[in-house]
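The values are calculated or read from the model by the stated rules, or taken from the named source; none is laboratory data. On a predicted model such as this, the values are computed, not experimentally measured, just so you know. As a convention, Cβ positions derive from the backbone with ideal geometry for all residues, glycine included, and neighbour counts pool all protein chains shown. Surface areas here come from the heavy atoms of the whole protein model, side chains and all, with no ligands, DNA or RNA. Shrake-Rupley method; radii C 1.70, N 1.55, O 1.52, S 1.80 Å.
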Amino acid sequence: MTVEFDARGRRDVIHHMLSLALIEIRAAESMDVASRIASIFHAVPVALINCSSVEDYDGQLDGLIQRSRRVGLEAYIRELQSTAERSVAKARADG
């Protein structure tokens, strides 16, 4: 289940997911896992430059899910998205 956000909220979710993914890459005990996570996220920073609407950001999230499916990490990315959405929603609620 995803939380509804405006474009800025969606951007914040993707940034938070990228941040968590970088931590996972750094902590990975397996180069294979680190490489698969990197292959999912490697194009995100450049892609975000062209995003401005909810639809643009949702397209990027869909791309993350598709790439994660190809490398066998869909459940991991969906959990990462859920964690990021909760974090962003809490940060917004806290002010």
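Values as computed for the structure displayed
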| read-out | value |
| --- | --- |
| Residues of segment 48-70 classified as closer than 15 Å to Met17 by Cβ and either in contact with a Lys or Arg (Cβ under 6 Å, 6 or more places away or on another chain) or not polar (S, T, N, Q) (or both), total | 11 |
| Residues being more than 17 Å from Glu24 (Cβ to Cβ) and under 14 Å from the mean Cα position of the chain (by Cα) - total across segment 52-84 | 10 |
| Residue ID - nearest to Leu80 (Cα to Cα), chosen from residues in segment 18-41 that are among the hydroxyl-bearing types (Ser, Thr, Tyr) and either assigned to a helix (DSSP H, G or I) or modelled with pLDDT of 95 or more (or both) | Ser19 |
| Filter pass, Ala84 being small (Gly, Ala, Ser) and open to solvent by 30 Å² or more (accessible area, probe 1.4 Å) | no |
| Hits in segment 42-81 (condition: part of a loop (DSSP other than H, G, I, E, B) and open to solvent by 30 Å² or more (accessible area, probe 1.4 Å)) | His42, Ala43, Asn50, Ser52, Ser53, Val71, Gly72 |
| Condition check for Leu61: touching a Pro at 6+ places or on another chain (Cβ under 8 Å) and aliphatic (A, V, I, L, M) | no |
| Unmet criterion (only one of (1) open to solvent by 40 Å² or more (accessible area, probe 1.4 Å); (2) modelled with pLDDT of 95 or more) for Ile14 | (1) |
| Positions within segment 1-21 being touching a Phe, Trp or Tyr at 6+ places or on another chain (Cβ under 8 Å) and free of Cβ contacts under 8 Å to residues at least 60 places away in the same chain, in sequence order | Ala7, Arg10, Arg11, Leu18, Ala21 |
